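Asks: Mind looking over this structure? Questions follow.
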Amino acid sequence: MSAHREHLKVAVVGHVDHGKSTLVGRLLHDTGSLPDGKLEAIQEVCRRRGVSFEWAFLMDALQAERDQGVTIDTSQIWFHTAKRNYVIIDAPGHKEFLKNMVTGAAASDAALLIIDAEEGVREQSRRHGYLLHLLGVRQVAVAVNKMDLVGYSRDRFAAIADEYRAYLAGIGVTPTFVIPVSARDGANVVAERGGATWWDGPTVLEALEQFKIVTEPEGLPLRMPIQDVYRFDKRVFAGRIESGVLRVGDRIVFSPSNRTSTIRSIEAWHSDPPPTEAHAGQSIGFTLDDQVFAERGEVVSHEQDAPVETDVFRARLFWLGARPLTRDTRLRIKLNSAEAEVRVQEIERVIDTGDLSTAGSDRVERNAVAEVVLQADRMLALDEFSTAPATGRFVLVDGYDISGGGIVSMEGYADQRQLTTVRASNIQWVEHAISTEARARRNGHGGGVLWLTGLSGAGKSTLAVATERRLFNLGFQVYVLDGDNVRHGLNADLGFSPEERAENIRRVGEVGALMANAGILVITAFISPYRSDRERARKAAGAGFHEVFVKADLAVCESRDPKGLYAKARSGAIKEFTGVSAPYEAPESPELVVDTAALEVDACVDAIVEYVREQFRVAPVRAAGG
């Protein structure tokens, strides 16, 4: 086969015994892709064992598969036509072997889904269709197999085709082709029409020939996960380009470390002269103009189109673990060449792949699909699956077992790259001549940040202002930073996208920390929906940061709706509104909780003031000469 010919990867999936391996075996034979003597060798093995010849034996390469009569692992085999080369990935149909089916389909350009004409659409047929959608396989041909067993009934074919098209439409998938087939007889596989004389559509092969290559997307942004770093007389960074093009002289950034440099050379085996550019699908090495420390797991991209950096994201996943997935379960995520610990922060909904209904649940059972929120123990470089599939897929490992896989969604969550990148240089912290302790003794209390967080309508601003008045009367140096107020000046340039919300909180956190350092007790009143943003504010203020959860559930807040915002959000007038169309991550270990749904305002203020007196009061001293 010529090395320059394009290669289409096709996953063949379907319910057990619906004829996947038989169809592939027939496809290999009828395209003349079998090695010389292969058919005769298999026929001789069948004769010696006293079993009837099956076309599936041409595909079932494992001895255990012949003995058990089922495909238990993904098998890959090549065949070719005048147009191009194909890699057929035969995936198992048993529920117990779905893990291997996911592995095979994840790397495919297209899929051929088999349905038995006698048995019709089964639970596994729906599950496989949903998995293909989950894994981003958008080119799907459906072969209604064993048409010979139903007398090549046109009505039977139409009923199955209509039922399955309707199901796939519900998950946003339109099958490119639905074809009546008899793999055993060779009808509509390559050329033979067999008994389906009424069919005027394509054969399976003709359908495959119309599919496009999508696994080597040069038009997408550059993404090259680093596999390893070799140190010879120079440092060579090695990996596979998943998308885009890399050229000598390109300015690149490593994510999530955010180190930048320029490509000095591209290294490749047996290439003289060395290449000046490399494309998606190529495994290469490169050197840099200057020494940069980067390691396995980082993602190389161009500076102007870098991946998302975040430690929290939404995911749609298929759970394969032996134990149910529950909230706070800790797992290991494998994202390209990177690995990290993640925690299940939230299980938002579980999806029934049979009827596509969704339901709230506190657990995800084996072989179920769910939408969850995952939080990593460090920053990850990733992409939304819809924009860069190769870097938007992941697998989850529980112990030593691959227990799940899925795709990334950043809906409602911010790209934190801008929040963690330090651009200023040649700067250093200036120490004050007045110590923090001296300021506390002068004021009679320490400085700090009292961070009120909760849904819109929970009562944050009301409590902040009332607490400020009470503490001022008690002699505290106190000031409220309110969400609406700071957007009139300091943050007037920010909107309400996830990234702008995160930057809004970052600025407030830094200002609050500076004011606390000056000895002032700062009370903030912000929804601040993301835990990562609040943790960043905590880091800025240090030990002086105290998180107060102003607790009130969504129903209570919406019933109050003091600014009419919930009504606008429900009508669609406000996009990305917290609690309705954007997430709110409640504090997990706040220093104080005040329940405004259960307590009156004065009682809540009493609780906050008492907490402040316990935590911030110190014995005052008079200033010299006072």
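Asks: Return the residues of the range 481-499 that are within 19 Å of Arg538 (Cα to Cα) and either without any contact (Cβ under 8 Å) to a residue 12 or more places away in the chain or of a type in the set (Gly, Ala, Ser) (or both); say none if nothing qualifies.
Replies: Answer for the range 481-499, where residues must be within 19 Å of Arg538 (Cα to Cα) and either without any contact (Cβ under 8 Å) to a residue 12 or more places away in the chain or of a type in the set (Gly, Ala, Ser) (or both): just Gly483.
Asks: Please tell me if Ile263 is among the hydrophobic types (A, V, I, L, M, F, W, C), assigned to a strand (DSSP E or B) and not assigned by TED's automatic domain parsing to the domain that holds Ala381. Step through it out loud before you land on a result.
Replies: Working: among the hydrophobic types (A, V, I, L, M, F, W, C): yes; assigned to a strand (DSSP E or B): yes; not assigned by TED's automatic domain parsing to the domain that holds Ala381: yes.
Spelling it out, Ile263 is indeed among the hydrophobic types (A, V, I, L, M, F, W, C), assigned to a strand (DSSP E or B) and not assigned by TED's automatic domain parsing to the domain that holds Ala381.
Asks: Moving on. Please give the number of the condition Ile266 fails out of (1) farther than 21 Å from Leu382 by Cβ; (2) touching a Lys or Arg at 6+ places or on another chain (Cβ under 6 Å).
Replies: Unmet for Ile266, out of (1) farther than 21 Å from Leu382 by Cβ; (2) touching a Lys or Arg at 6+ places or on another chain (Cβ under 6 Å): (2).
Asks: Residues in the range 556-573 that are under 29 Å from Arg538 (Cβ atoms) and free of Cβ contacts under 8 Å to residues at least 24 places away in the same chain: how many?
Replies: Qualifying residue count for the region: 1.
Asks: In the set Ser456, Ser425, which member is of a type in the set (Ser, Thr, Tyr) and modelled with pLDDT under 85? Write out each step before concluding.
Replies: Numbers: Ser456 fails: modelled with pLDDT under 85.
The conditions single out Ser425.
Quick grid of which residues meet (1) touching a Gly at 6+ places or on another chain (Cβ under 7 Å); (2) within 27 Å of Ala238 (Cα to Cα); (3) surrounded by fewer than 19 Cβ atoms within 10 Å (Cβ to Cβ):
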{"residue": "Ile351", "(1), (2), (3)": "no, no, no"}
{"residue": "Gly360", "(1), (2), (3)": "no, no, yes"}
{"residue": "Arg366", "(1), (2), (3)": "yes, no, yes"}
{"residue": "Ala388", "(1), (2), (3)": "no, yes, no"}
{"residue": "Gly392", "(1), (2), (3)": "no, yes, no"}
{"residue": "Gly405", "(1), (2), (3)": "no, yes, no"}
{"residue": "Val408", "(1), (2), (3)": "yes, yes, no"}
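Asks: Right, something else. Of these, Arg247, Arg327, which one is in the same structural domain as Asp398 (by TED's automatic domain parsing), basic (Lys, Arg) and either surrounded by 15 or more Cβ atoms within 10 Å (Cβ to Cβ) or more than 20 Å from Asp383 (Cα to Cα) (or both)? Give the steps one after another, and end with the answer.
Replies: Details: Arg247 fails: in the same structural domain as Asp398 (by TED's automatic domain parsing).
Result: Arg327 is the single residue among Arg247, Arg327 that is in the same structural domain as Asp398 (by TED's automatic domain parsing), basic (Lys, Arg) and either surrounded by 15 or more Cβ atoms within 10 Å (Cβ to Cβ) or more than 20 Å from Asp383 (Cα to Cα) (or both).
Asks: What's the number of the only condition in (1) crowded, with 21+ Cβ neighbours inside 10 Å; (2) outside the structural domain of Lys146 (by TED's automatic domain parsing) that Ala196 fails to meet?
Replies: (2)
Asks: Moving on to the next point. Any residue in the range 542-553 that is buried (at least 21 other Cβ atoms within 10 Å of the Cβ) sitting within a Cβ distance under 6 Å of a residue that is part of a strand (DSSP E or B) and acidic (Asp, Glu)? List the pairs, counting only those 6 or more apart or interchain.
Replies: Within 6 Å, the pairs are Lys551/Asp595.
Asks: Looking only at the range 142-153, count how many residues are surrounded by fewer than 23 Cβ atoms within 10 Å (Cβ to Cβ) and not in a loop (DSSP other than H, G, I, E, B).
Replies: Final tally of qualifying residues: 3.
Asks: Turning to a different aspect of this structure: What is the one condition in (1) touching a residue at least 60 places away in the same chain (Cβ under 8 Å); (2) farther than 18 Å from Val13 by Cα; (3) surrounded by fewer than 16 Cβ atoms within 10 Å (Cβ to Cβ) that Gly186 does not satisfy?
Replies: All conditions pass for Gly186, except number (3).
Asks: Further question: So, of the residues in the range 348-397 that are within 30 Å of Met224 (Cα to Cα), hydroxyl-bearing (Ser, Thr, Tyr) and at pLDDT 80 or above, which turns out to be farthest from the chain's Cα centre (by Cα)?
Replies: Filtering first and then ranking leaves Thr387.
Asks: Does Ile333 qualify as being touching a Gly at 6+ places or on another chain (Cβ under 9 Å) and assigned to a strand (DSSP E or B)? Write out each step before concluding.
Replies: Working: touching a Gly at 6+ places or on another chain (Cβ under 9 Å): no; assigned to a strand (DSSP E or B): yes.
So Ile333 does not fit the description; no.
The values are calculated or read from the model by the stated rules, or taken from the named source; none is laboratory data. The structure displayed is predicted, hence computed values, not measured ones. Quick reminder, even Gly has a Cβ in these numbers, built from the backbone with ideal geometry, and neighbours come from all protein chains shown.
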